[in-house]
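Chemist: Mind having a look at this structure? Questions to follow.
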Amino acid sequence: MVITGLTPDLARSLDQMIDGKADAHEGLFRKQDINNDTSGNPGTEWATNNTDAYGPETGTADDTTTNLDEDQVITVVAIYKMSQ
């Protein structure tokens, strides 16, 4: 299942509830576009949090400038592998 529009803190909380550990790289709940550049080390953190702003000037969520109260919070996409 692909879940879009998650705030980083919500994604971290869901990952903790589903896997028992809030890491973006391992388990049934993962960040969609995470690179495998961790050399196999477990426990890769979710890279952003709710203080990172959505980049309106670029139209992408890659801008990690500090968020103001009126700014949209950056969002992440997660993959949830459900058991069948």
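The values are calculated or read from the model by the stated rules, or taken from the named source; none is laboratory data. Not measured: the values here are computed from a predicted model. No Cβ is skipped: glycine too gets one built from the backbone with ideal geometry, and neighbour counts run over all protein chains shown.
Chemist: Which condition number does Asn49 fail, the rest of (1) loosely packed, with under 12 Cβ neighbours inside 10 Å; (2) in a loop (DSSP other than H, G, I, E, B); (3) modelled with pLDDT of 70 or more being met?
Modeler: (1)
Chemist: Would you mind stating whether Ala22 is within 22 Å of Ser83 (Cβ to Cβ) and either of a type outside the set (Asp, Glu) or at pLDDT 90 or above (or both)?
Modeler: Values: within 22 Å of Ser83 (Cβ to Cβ): yes; either of a type outside the set (Asp, Glu) or at pLDDT 90 or above (or both): yes.
Taking the combined requirement at face value, the residue satisfies it.
Chemist: In addition: Among all residue pairs at least 6 apart or on different chains, which show Cβ distances below 8 Å where the first residue, located in region 16-28, is of a type in the set (Lys, Arg) and the second is surrounded by 14 or more Cβ atoms within 10 Å (Cβ to Cβ) and not in a helix (DSSP H, G or I)?
Modeler: From region 16-28, the pairs are Lys21/Gly27.
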